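Following: one structure in structure tokens, then a few remarks.
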Amino acid sequence: MNLAEATAADLAAIVALEESFPARERWSEASWRGELDGDRRLTLVARDADVLVGVAAFEVGPDVADLHRIVVHPAYRRRGAAESLLAEGVERLGSRVLLEVRDDNAPARALYEKHGFRVIDRRADYYGAGVDALVYEREAT
């Protein structure tokens with residue numbers, strides 16, 4: 001698996017990864033364009049040969065970074081793509097990192113906890129009625 005910073009040429013493949021999510025949970029092309037073009041952004045992609053199989057988007061602040069999203073093609077889940085993207089992003093940032101995750105997303109929670117994240121808050125109904133978010137934090141390395 002090769003990791004690199006995403007470019008505008010990756011946009012269509014990144015948006016295609018969103019098809020694995022229910023329509024109400026997908027990010028739009030405009031949202032992803034904002035990640036690629038925005039100031040203080042780090043967007044990483046994972047490739048298997050020439051196929052884009054995963055993406056991670058971070059917003060970089062002076063003292064803290066936010067992980068906005070990790071998406072991996074269903075055929076590549078549980079094969080290390082998300083873990084590689086997360087580890088690379090955290091290493092490059094070297095700062096405190098925050099993220100929100102659905103409280104019922106056990107695989108994502110396990111990934112974050114494996115990488116030193118801990119729950120610091122809960123946001124009720126963050127993802128809709130009855131679907132809370134857990135706020136995770138990882139201190140600077």
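The values are calculated or read from the model by the stated rules, or taken from the named source; none is laboratory data. All figures in this text were calculated on a predicted structure; none of them were measured in a lab. Ideal geometry is used to build each Cβ from the backbone, glycine not excepted, and the neighbour counts take in all protein chains shown.
At-a-glance table
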quantity	calculated
HIS68, sole failed condition from (1) under 14 Å from VAL97 (Cβ atoms); (2) outside any strand (DSSP E or B); (3) at pLDDT 95 or above	(2)
Total residues in region 29-45, condition in a helix (DSSP H, G or I) and basic (Lys, Arg)	1
Residue that is farthest from VAL53 (Cα to Cα) [pool: residues in region 17-28 that are assigned to a helix (DSSP H, G or I) and touching a Phe, Trp or Tyr at 6+ places or on another chain (Cβ under 9 Å)]	GLU25
Odd one out for TYR126, checked against (1) assigned to a strand (DSSP E or B); (2) closer than 20 Å to PHE21 by Cα; (3) among the aromatic types (Phe, Trp, Tyr)	(1)
Extreme residue, modelled with the lowest pLDDT, among residues of region 12-24 that are within 13 Å of ARG69 (Cα to Cα) and in contact with a strand residue (DSSP E or B) (Cβ under 9 Å, 6 or more places away or on another chain)	PHE21
Enumeration of residues in region 88-120 that are among the acidic types (Asp, Glu) and either within 17 Å of VAL55 (Cα to Cα) or crowded, with 17+ Cβ neighbours inside 10 Å (or both)	GLU88, GLU91, GLU100, ASP103
When residues of region 121-133 are limited to those that are of a type outside the set (Lys, Arg) and surrounded by 11 or more Cβ atoms within 10 Å (Cβ to Cβ), the one farthest from PRO74 (Cα to Cα)	ASP121
